[in-house]
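To start, the structure under review is shown below, and the notes come after it.
Nothing in this text is a laboratory measurement; each read-out follows from the coordinates by a stated rule. Being a predicted model, the structure only gives us computed values, none of them experimental. Neighbour counts run over all protein chains shown; Cβ positions are idealised from the backbone, glycine included.
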Amino acid sequence: MRHGNRRCWRWAWLLPVFVAVLAAQTSMSSGPFGIENFSATMVFNGPQGEVSQKIYKLGDKIRMEMPRRAGAYSIMDLSAHKMYMVMSPQMCMEMDTTHRLGAPNPFAARGTVKREPLGAETVDGHPCKVERITVTPAEGGAPVVMKAWEAQDLQGFPVRVETQTERGPMRMDYRDISLAPPAASLLTPPQNCRAMPAMPPH
């Protein structure tokens, strides 16, 4: 059992990457952009450098493939406040995300939305409306503030989002975007998921 726990914590360094994309949540599935379903490649630029990964959204569920580890991915269930981290077909960890708030995934942010127009720009060939968006969680907590470039030829999909985190500025660029619903099987967690063991004291 101890060996299994060591294998879990071997990948614990990945948790901040995925927990950081959680924001205050409600039962709404479309978020501030009204996007229910999509698949794309997300290029994440933050304090630790650039990371590219696939992301899928189907209603209240978001799947993100883990960088630099083939076959590993996470699934966030926004309505159930759960995250499933799948390291391999034999290893899956389940986490309660109710109180794990951090820098936003633009599609997970929930609450009262305030928009401030900042003009228009073109990003990767997409004509975009640029806005500063503030999402104030209904359940309390600090507002989420982000600058978004919303592509007018992609139903307002935010092809670029910038925000500030405790570790510094963060930017997300989305490419290879499809607004078709991804296969439901991609966002269904394995049946062998077990509860994440408690974090050791610092």
Mind giving me the nanometre distance, one decimal, between the label points for ALA184 and HIS81, set 7 Å out from Cα along Cα→Cβ?
-> 2.6 nm
Between THR112 and ASP153, take the C-beta separation as r, use R0 = 25 Å, and let me know the FRET efficiency to the nearest 0.05.
-> 0.30
Net charge near VAL159: determine it from the other residues with C-beta under 14 Å of the C-beta of VAL159, scoring Lys and Arg +1 and Asp and Glu -1.
-> -3
Amide H contacts of LEU118 (H built 1.01 Å from N, under 5 Å, at least 5 apart or other chain) | VAL130, GLU131, ARG132
Where the only charges are on Cβ atoms (+1 Lys, Arg; -1 Asp, Glu), what is the dipole of the range 37-125 about its Cα centre, to the nearest 20 debye?
-> 160 debye
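Which FRET efficiency value, to the nearest 0.05, do you get for VAL130 and ASN192 by plugging their Cβ-Cβ distance into 1/(1 + (r/R0)^6) with R0 = 35 Å? Show your work: numbers first, answer last.
On the way: r = 44 Å, r/R0 = 1.26.
Efficiency computed from Cβ-Cβ geometry: 0.20.
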Please label the shape of the range 83-191 as rounded, prolate or oblate, based on the square roots a ≥ b ≥ c of the eigenvalues of the alpha-carbon gyration tensor (a/c under 1.5 means rounded; beyond that, a/b larger than b/c means prolate, else oblate).
-> oblate
